[in-house]
Amino acid sequence: MANLPAVTDADFSTSVLGADKPVLVDFWAEWCGPCRQIAPILEEIANEHGEKLSIVKMNVDENPQVPAQYRVTGIPTMAVFSGGEMVKTIVGAKPKAALLNDLSDVIGA
């Protein structure tokens, strides 16, 4: 589906909560059309702003624990974690400019 790294319930705490820079987690599922729509946009953002923000994907069908813990009820949901805490949630597919605007406080754009 995408070239972004995947995280699982098992490695979430080390990969995301323990990261040394902000991490955007894209909660998605294979059957979700809007999720597939934003995947290339997230890849572009990862390529352009990777030094300030890591972007990873979590399949909600294969990993139900973390989405339930953070009350992810609809997808696509993108959550930004920094310092072990969820600091921002973005719900729904958006154009790249809107996503960059939502992330401006994280990436300094």
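Quick test of your reading of the structure: residue 80 fulfils all but one of (1) crowded, with 18+ Cβ neighbours inside 10 Å; (2) assigned to a loop (DSSP other than H, G, I, E, B). Name the failing condition by number.
The one condition residue 80 does not meet is (2).
What's the number of the only condition in (1) modelled with pLDDT under 95; (2) of a type outside the set (Asp, Glu); (3) more than 14 Å from the chain's Cα centre (by Cα) that residue 31 fails to meet?
Only one criterion is unmet by residue 31, namely (1).
The rows are residues; the columns are (1) in a loop (DSSP other than H, G, I, E, B); (2) among the β-branched types (Val, Ile, Thr); (3) more than 21 Å from residue 94 (Cβ to Cβ).
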residue: 10; (1), (2), (3): yes, no, yes
residue: 14; (1), (2), (3): no, yes, yes
residue: 26; (1), (2), (3): no, no, no
residue: 31; (1), (2), (3): yes, no, no
residue: 37; (1), (2), (3): no, no, no
residue: 44; (1), (2), (3): no, no, no
residue: 51; (1), (2), (3): yes, no, yes
residue: 56; (1), (2), (3): no, yes, no
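How many residues are part of a helix (DSSP H, G or I), of a type in the set (A, V, I, L, M, F, W, C) and either loosely packed, with under 14 Cβ neighbours inside 10 Å or at pLDDT 95 or above (or both) if we restrict to the range 95-109?
Taking the range 95-109 as the starting set, the residues that turn out to be part of a helix (DSSP H, G or I) are 96-102, 104-107.
With the extra rule that they be of a type in the set (A, V, I, L, M, F, W, C), the set shrinks to 97-100, 106-107.
Restricting the remaining residues to those that are either loosely packed, with under 14 Cβ neighbours inside 10 Å or at pLDDT 95 or above (or both) gives 97-100.
Within the range 95-109, residues that are part of a helix (DSSP H, G or I), of a type in the set (A, V, I, L, M, F, W, C) and either loosely packed, with under 14 Cβ neighbours inside 10 Å or at pLDDT 95 or above (or both) number 4.
The values are calculated or read from the model by the stated rules, or taken from the named source; none is laboratory data. Everything numeric here is computed off the predicted structure, so don't read it as measured data. No Cβ is skipped: glycine too gets one built from the backbone with ideal geometry, and neighbour counts run over all protein chains shown.
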